[in-house]
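Data first, discussion second: the structure below is written as structure tokens.
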Amino acid sequence: MKKGVKILIAAACFAAIGFAFYGCAVKNASDDALAYFSEGETHFNNARSYHYLGEHKKATLDLNKAIDSYKQAIASFSKAIKLDPAFASAYQKRGESYIDQQLASNQIDYLSDSESRRKINGYEAGIADLDKALKLDPNNAKAYRLRGSAYLYLSVSRSEHINFEDTKKAILDLDMALRLDPNDENAYQIRVNTSTLDGEWESAFYDKAINLNPNDAASYGLRGIANAQKGEKGKALADFDKAIALDPKLIWVYCELAKRYNYSLFSKEDKKEIEDLGRATGERYNGVIIIKDDKKAIAYLDRAIELNPNYAIAYYSRAISHHDLGEYEKAIADIDRAIKLKPNDAFAYASRGSVYMKLNDRQKAIASYTRAIEINSDFTQAYRYRASVYAELKEYKKAIADLGKAIKINDESDMRSELGLAADYCKRAEMYKNIGDINRSNDDAKKARELDKCDL
């Protein structure tokens, strides 16, 4: 072999070896970062468990560990990015680390009753990284969802008032996530709970989008959400129908259609106000379109599940319609499927507890409520539900303890409900009376009357 050829081969080998070392260095930095990120998530979840147990010092300790892990993840992702500036997923995960670091910091402030927020600027840093990730990978649905969530957090973090400019950015990003991945449940759930209050801006935006592209199925579906928020029943249903006519696989549109036929799929507070106003079968309340037809709702949800058997929210929603039809065993089966897919959904466990109560299975109801509380220690309604079961079982001291938790959470909440407090004080007064503690019973009854009323 000629000397020149040997030199070329040797050079090629050295280049290949160098490239391999370079690739290994990028991978090692990325693997380290992912390990630190996972460690941060573990500490964050541990902190939630300690918070449930009322062990705030241990919760704070784990939150600080989570912040440290996220810092290390950020540093390692930064190394990977320095080695490979076009590493889109590293920008995405570093952005997610910044956001989670800020959330952990906010939780520490909450536990310490601090009014100030640490100057981490995690949301802004996260958004900046997600901007870069999306520039490198414009079709990354998860990056849009993460950035939309960050804008949403930012919209309520800068002052006491919501910044609707940030809310608009959140909406556009969440909508893009749904366009790119209609099966993204998280994007759908966040999106339907996000609006500029009256739906006008969203509606006008999608009017323009549809004028530019009359065959854009997603725009019709998203405009349908906006029209529903405005209370325009006919327009919303027409938009949803048009969306699935253009694209029969838009799974979240079937879920939206199901909502329009079962007002139970909305919050307990909204339902109570609807019923108080005598509109349980009326046209709308506060943007909620109400056309009670559970069988039709189930048919739409059947189609959603047919399209994606792993779409947890469809099972959960169908369970509610089965419940309202008195089909409790079917409701339990659907909630169990939802829980298997999303084992940390506190609302699903609480709902299952309520269905078990319909079946007079109090022990399983208590177990479900307890699991809901373990997942979300501030879940006031779960404490109330479990207290009611304990009261039926004449375990009055346990009921008193749960009502005490509900009262404390409600009283310290930014959305404090005096009616809820009055009901809890009155119920606890009854429990104290049952165990013969008349002084405490009278004290609670008095507090209830000062807020609203109590018949004791």
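The values are calculated or read from the model by the stated rules, or taken from the named source; none is laboratory data. Keep in mind that what you see is a predicted model, and the values were worked out from it rather than measured. Neighbour counts run over all protein chains shown; Cβ positions are idealised from the backbone, glycine included.
Pairs needed: first member in segment 431-456, closer than 20 Å to residue 392 by Cα; second member anywhere, among the β-branched types (Val, Ile, Thr); C-beta distance under 8 Å; at least 6 residues apart or different chains.
That search, which allows pairs on different chains as well, returns 431/400; 432/400; 432/438; 435/400.
Find the residue count for segment 187-205, including only residues that are assigned to a helix (DSSP H, G or I) and in contact with a Gly (Cβ under 9 Å, 6 or more places away or on another chain).
Here the count works out to 3.
Tally the residues that are over 19 Å from the mean Cα position of the chain (by Cα) and in a helix (DSSP H, G or I), restricting the search to segment 303-326.
The number of residues fulfilling the criteria is 9.
Which of the numbered conditions does residue 207 fail, given that it passes all the others? Conditions: (1) outside the structural domain of residue 102 (by TED's automatic domain parsing); (2) under 30 Å from residue 81 (Cα atoms); (3) among the acidic types (Asp, Glu).
(2)
Please specify each residue of segment 167-193 satisfying the condition of being hydrophobic (A, V, I, L, M, F, W, C), touching a residue at least 60 places away in the same chain (Cβ under 8 Å) and more than 17 Å from residue 229 (Cα to Cα). Steps first, please.
Step one: of segment 167-193, the residues hydrophobic (A, V, I, L, M, F, W, C) are 170-172, 174, 176-178, 180, 187, 190, 192.
Those still in the list that are touching a residue at least 60 places away in the same chain (Cβ under 8 Å) too: 178, 192.
Correct list: 178 only.
In segment 31-57, which residue that is under 14 Å from residue 108 (Cα atoms) and among the hydrophobic types (A, V, I, L, M, F, W, C) is modelled with the lowest pLDDT?
Of everything passing the filter in segment 31-57, 47 is modelled with the lowest pLDDT.
I'd like to check something: does segment 396-413 contain any residue that is of a type in the set (Phe, Trp, Tyr), at pLDDT 95 or above and either assigned by TED's automatic domain parsing to the domain that holds residue 45 or closer than 29 Å to residue 59 by Cα (or both)?
The answer is no, given that none of the residues of segment 396-413 is of a type in the set (Phe, Trp, Tyr), at pLDDT 95 or above and either assigned by TED's automatic domain parsing to the domain that holds residue 45 or closer than 29 Å to residue 59 by Cα (or both).
For residue 325, indicate whether it is touching a residue at least 24 places away in the same chain (Cβ under 8 Å) and either in contact with a strand residue (DSSP E or B) (Cβ under 9 Å, 6 or more places away or on another chain) or surrounded by fewer than 19 Cβ atoms within 10 Å (Cβ to Cβ) (or both).
yes
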